[in-house]
Every structure is written in structure tokens, then in C-alpha cells.
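Please read the structure below before turning to the comments.
The values are calculated or read from the model by the stated rules, or taken from the named source; none is laboratory data. None of the values given here were measured: they were computed from a predicted structure. Glycine gets a Cβ as well: all are built from the backbone with ideal geometry, and neighbour counts include every protein chain shown. With ligands, DNA and RNA removed, areas are computed over all heavy atoms of the protein, side chains included. Shrake-Rupley method; radii C 1.70, N 1.55, O 1.52, S 1.80 Å.
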Amino acid sequence: FPTRRSSDLILNSITLQHFVQVYPKICGMTATAQLAENEFKKFYNLDVVVIPPNEPCIRKDHQDIIFQTKEAKHKALINEIVQVNKTQRPILIGTRSVEESTKLADELQKNGVNCEVLNAKRDEYEAGIIARAGKLGAVTVSTNMAGRGTDIRLGGEDEKEKEKVVTLGGLYVIGANRHESSRIDDQLRGRSGRQGDPGS
């Protein structure tokens, strides 16, 4: 008798490149395609065309801050989040793993900061969590894949709240680490300053 259910058996496998090429027409849209232009051409025979933004980007991009130790970085990260949260400005923190996002959220709770965790363990709640990430006082801790494809609206549905968030500077995105791919860093950065909104 088989010891595993038939649904657990791998009957075949295919590379992503070959799977995509099964389709007669291939296209996609992303704000970070230009960085991977050579890969799109090599693997999918796709050209990359840049479409100008609908609204000018007014987001403020800051330089990296580098620390001598992980402990110093972690302490500064927690302090920055706590201080900005006191102003009610919404914050989105990008982490590299589910484990890191969970640990950071626990540490923030200990420091009196209520936050939402957006990672692969809670994917069924993803759209709702990311939709609320632009509300006053929202703190969202996320892994790199979470929430893409959903716009973060400043103030949510509330126009008066949006005005307050705009006055505070819009959504504040913090990358807790650099990722192996600069595209992921750019995707995280791009969550702020959407459609001409302020942000940093």
C-alpha cells in the first residue's frame, strides 16, 4: 500500500520559462522590468518598453544607513519606527523573511507599537492588510513578496484622513535590509509615492 496520498506525488515538472512559453502570447507589466531587460530577452524573448508615469513621482528617497553591528541596526530600526509612529504617519517595513517579520512585529508590540504582519503565513488576509497600510497610525511589517499588485491608498477610503496622511509626508517605507536582487528593493520602495502621492 502506498504510504502517501496521490496528491503528494510529483508526476512531472517543468521550468517556469518553459511553462510560460506554452502560451501563444506573453506580456507583463512591472515598474522594475528595465533592470532585468536582458533576462526578459534571453529567457522569454520579450522586449521591455518604458511607459512614462501617469503622475510625476514626488517620493523622497533616502540614502542607506549602515551600522557596524546587527544589534545597533536593530535598535535604530525599532527606535525609528517608534518615533515615527508617534506622529501617526503610516509605516511599511520590508523584511527578508517570515521569521524576521515575525520577530520584528513581536519586538514592536513590546515597545507599544501595534502592527499588522503581512507574510506568507497570512496570505488570505493580504489584500485587506495592504489596503489598510496607508491609514493614520498604521504600521505594517511585510516580507518582500507581500501585497504587490494592490495600491496602498493614503488614508484608506477616508478623504479627510488622506489629507492628514499627506500633511505627515505620506507612506513611510523602511527596508530593514538590502535584498540580493535590487529589483526587490525597488519594488518595496515603489509602494510609496504611488500616483503622485507624497512618501519616502
Give Thr87, Thr15 a once-over and let me know the one that is of a type in the set (Ser, Thr, Tyr) and without any contact (Cβ under 8 Å) to a residue 40 or more places away in the chain. Thr15
Identify the single condition in (1) of a type in the set (D, E, K, R); (2) without any contact (Cβ under 8 Å) to a residue 40 or more places away in the chain; (3) open to solvent by 80 Å² or more (accessible area, probe 1.4 Å) that Glu116 does not satisfy, given that it satisfies every other one. (3)
Against the conditions (1) of a type in the set (Lys, Arg); (2) open to solvent by less than 100 Å² (accessible area, probe 1.4 Å); (3) under 24 Å from Leu168 (Cβ atoms), where does Lys86 fall short? Just the number, please. (2)
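One line per residue, one yes/no per condition, for (1) in contact (Cβ under 8 Å) with a residue 40 or more places away in the chain; (2) open to solvent by 50 Å² or more (accessible area, probe 1.4 Å); (3) of a type in the set (Asp, Glu); (4) under 17 Å from Ile152 (Cβ atoms):
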| residue | (1), (2), (3), (4) |
| --- | --- |
| Gln109 | no, yes, no, no |
| Tyr125 | no, yes, no, yes |
| Ile129 | no, no, no, yes |
| Arg132 | no, yes, no, yes |
Test: residue in segment 69-89 that is of a type in the set (A, V, I, L, M, F, W, C), closer than 24 Å to Val165 by Cα and not in a helix (DSSP H, G or I): no
Picked from segment 118-157 (must be of a type in the set (D, E, K, R) and part of a loop (DSSP other than H, G, I, E, B)), the residue modelled with the highest pLDDT is Lys135
Kindly establish whether Gly94 is surrounded by 11 or more Cβ atoms within 10 Å (Cβ to Cβ), at pLDDT 90 or above, among the small types (Gly, Ala, Ser) and not in a loop (DSSP other than H, G, I, E, B). yes
What number of residues within segment 32-72 satisfy the criterion of being open to solvent by less than 100 Å² (accessible area, probe 1.4 Å) and basic (Lys, Arg)? 2
Of the residues in segment 170-189 that are open to solvent by less than 40 Å² (accessible area, probe 1.4 Å), among the aliphatic types (A, V, I, L, M) and not in a loop (DSSP other than H, G, I, E, B), the one that is modelled with the lowest pLDDT is Leu188
